[in-house]
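The values are calculated or read from the model by the stated rules, or taken from the named source; none is laboratory data. Fair warning: this is a prediction, and the values are worked out from it, not measured in the lab. Heads up, the Cβs are rebuilt from the backbone with ideal geometry, glycines too, and the neighbour counts pull from every protein chain shown. Only protein heavy atoms, including side chains, enter the accessible area calculation; ligands, DNA and RNA are left aside. Shrake-Rupley method; radii C 1.70, N 1.55, O 1.52, S 1.80 Å.
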Amino acid sequence: MKLSIDQNKKRIFFLTFLISYKCTNECKHCAIPGSPNQDDISMELGDVKRYLDDITSNYIVDEVGFFGGEPLLNFNLLVSLIEEVKKFNIPKIGLPTNGYWGKNDLTAKKYALKLKEAGLNQIGFSVDAFHQEFIPLDVVRRAIKAAHEVGIEWIGLVSQILGPENENNQFNEQTKNITDILSKEFEFCEVIKSELQVRGRAANQLTEYFPMMTIPSDRCLIFKVPMFMIDPNGWVFHQLCHGICIGNANTNSLSEIISDFNYRKHPIIGKLVAKGGPKNLLDIAIEKGYEPLNGYADKCHLCFSARNFLRPFYPNILEPSNLYF
Ligand code: SF4
């Protein structure tokens with residue numbers, strides 16, 4: 001049976017463009033870490049056109065996402081990028097947002113309508129104790145309402161939980177209160193809660209809320225799933241964990257970077273997927289002079305701490321500086 005061209009192509013479940021590291025907030029848990037003080041670099045339309053031409057010639061892409069920082073901060077650029085992705089008939093086009101743009105009903109509706117008309121069909125509102133430290137609930141409420149009124153197909157309430165969901169702490173209690181209020185008011189929303197991983201700003205600001213008793217040695221297996229992110233510098237990393245680069249799409253073709261990627265052979269990822277997981281990175285870091293803590297909040301805390309120390313030894317791999325301290 002002769003396979004059609006598409007049937008020959010491999011799949012990418014999720015391809016994400018990180019528009020900019022800038023955000024309105026400085027949430028305590030942020031892995032990016034987004035901030036108003038991050039540098040001004042942002043994704044270029046020309047680069048995205050090139051990446052899409054290249055990747056869709058060789059792969060089937062199920063979903064494209066636009067991340068930040070806060071992706072709506074570069075609103076006109078975002079709209080032109082969504083319109084560009086729409087031309088490639090990629091079924092799902094989405095983004096996470098903190099909803100800061102729900103300043104009033106008129107503004108919220110204007111933003112939501114432009115996103116919808118450009119082709120956006122998925123939107124996740126980040127709502128929890130960490131985001132509501134910066135964004136009043138009424139503001140995000142207006143943004144959710146507007147997204148629904150203009151007919152965006154999928155709307156989610158996305159929350160980060162500190163420790164297991166049933167663990168009683170100040171953050172989880174506040175987050176439960178926030179999502180209970182919003183999910184009751186907006187029944188059309190899907191509620192998604194995930195346990196936060198202690199990396200990025202969380203590694204600096206949230207470790208006091210964890211027992212920190214162990215040196216985790218469980219493997220990290222996220223790299224088996226074909227999901228990729230490209231940042232404004234062209235760095236390509238796994239969509240679920242940023243800062244471990246598999247190449248730069250400004251110097252090599254994105255398709256080549258992805259087809260050549262073998263997670264077992266990567267100098268850092270190979271250590272993480274192997275027996276011992278992030279503890280393998282710790283051993284390398286100690287050899288190079290790193291003084292370890294007595295314990296870590298979770299495997300991501302250990303991994304991020306070791307990577308942060310090892311950056312000078314892995315140029316063009318542990319990048320960019322926006323993601324490290
Ligand atoms: S263990 Fe490391 S690579 Fe894996 S998700 Fe955590 S921080 Fe990322």
Query raised in the report: Measuring from label point to label point, each 7 Å out along Cα→Cβ, what is the GLU117 to LYS103 span in nm?
Result: 1.9 nm
Query raised in the report: Amide H of LYS103: which non-local residues (sequence gap of 5 or more, or other chain) have their own amide H closer than 5 Å, using H built in the peptide plane?
Result: ALA108
Report task. Show the residues, 5+ positions off or on another chain, whose built amide H is closer than 5 Å to the amide H of ILE317. Result -> none
Query raised in the report: Shape call for the range 216-266 from the C-alpha gyration tensor, a ≥ b ≥ c root eigenvalues: rounded (a/c under 1.5), prolate (a/b greater than b/c) or oblate?
Result: prolate
**Report entry** Net length gained if the chain between LEU240 and GLU190 were fully extended (0.36 nm per residue, minus Cα distance)
**Finding:** 16.0 nm
Query raised in the report: Under 5 Å between amide H atoms, partner at least 5 residues away or on a different chain: which partners does GLY156 have, H built in plane at 1.01 Å?
Result: ILE123, GLY124, PHE125, GLU190
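Given a 1.4 Å probe and heavy atoms of the protein chains only, how would you sort ARG11, ARG50, largest accessible area at the top?
Values: ARG11 125, ARG50 100 Å².
Greatest to least solvent exposure: ARG11, ARG50.
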Query raised in the report: Given a 1.4 Å probe and the protein chains all in place, what does the accessible area of ASP40 round to, in Å² to the nearest 10?
Result: 120 Å²
Query - Per-pair calculated FRET efficiency, R0 = 45 Å: ASN204 and ASN8 via Cβ, rounded to 0.05 - result: 0.45
Report task. Run down the lysines and flag those whose C-alpha is under 19 Å from the C-alpha of LYS110, throwing out any fewer than 8 positions away in its chain. Result -> LYS145
Query raised in the report: For a paramagnetic label modelled at 7 Å from the Cα of LYS92 toward its Cβ, which residues of the range 103-123 fall within the zone defined by backbone nitrogen distances under 13 Å?
Result: 121-123
Report task. Calculate the spin-label point distance for ASN294 paired with ASN58, positioning each point 7 Å from the Cα along the beta-carbon direction, and give it in nanometres. Result -> 5.0 nm
Query raised in the report: When the Karplus curve 6.51 cos²θ - 1.76 cosθ + 1.60 is applied with θ = phi - 60°, which whole-Hz ³J(HN,Hα) does each residue of the range 28-45 get, with x for Gly and Pro?
Result: 4, 8, 5, 7, 6, x, x, 6, x, 8, 5, 5, 7, 4, 9, 4, 9, 4
**Report entry** Centroid-to-centroid separation of the range 131-174 and the range 275-315 [C-alpha atoms, Å]
**Finding:** 33 Å
Query raised in the report: How much FRET efficiency would the formula 1/(1 + (r/R0)^6) give for TRP154 and MET213, where r is the Cβ-Cβ distance and R0 is 41 Å, rounded to 0.05?
Result: 0.55
Query - Where labels lie 7 Å past Cα in the beta-carbon direction, separation of PHE134 and LYS224 in nm - result: 3.5 nm
Report task. Report relative contact order for the chain in percent, whole number only (criteria: Cα-Cα under 8 Å, sequence separation at least 6). Result -> 18 percent
Query raised in the report: Can you give the FRET efficiency for LYS110 and GLU256, using 1/(1 + (r/R0)^6), R0 = 41 Å, r = Cβ-Cβ distance, to the nearest 0.05?
Result: 0.50
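Classify the chain as rounded, prolate or oblate, taking a ≥ b ≥ c as the square roots of the eigenvalues of its Cα gyration tensor: rounded when a/c is under 1.5, otherwise prolate if a/b is larger than b/c and oblate if not. Mind showing how you got there, number by number?
Values: a/c = 1.79, a/b = 1.12, b/c = 1.60.
Oblate, because a/c is 1.5 or more while a/b does not exceed b/c.
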Query raised in the report: In sequence order, what are the phi-derived ³J(HN,Hα) couplings for the range 198-208 according to the Karplus relation 6.51 cos²θ - 1.76 cosθ + 1.60 with θ = phi - 60°, rounded to whole Hz, with x for glycine and proline?
Result: 7, 9, x, 5, 4, 5, 9, 10, 10, 5, 5
Requested in this report: Starting at the first residue of the range 86-96, write each ³J(HN,Hα) from the Karplus equation 6.51 cos²θ - 1.76 cosθ + 1.60 with θ = phi - 60°, in whole Hz, x for Gly and Pro.
Outcome: 4, 5, 9, 6, 7, x, 10, 10, x, 7, x
Query raised in the report: Who wins for biggest fluctuation among GLY234, GLY46, GLY277 in a Gaussian network model of the chain, springs between alpha carbons below 10 Å?
Result: GLY46
**Report entry** Linear extension gain, ILE181 paired with ALA274, 0.36 nm per residue minus alpha-carbon span
**Finding:** 29.2 nm
Query - Cross-link partners of LYS265 among aspartates and glutamates (Cα-Cα below 20 Å; sequence separation of 8 or more within a chain) - result: ASP218, GLU256, ASP283, GLU319
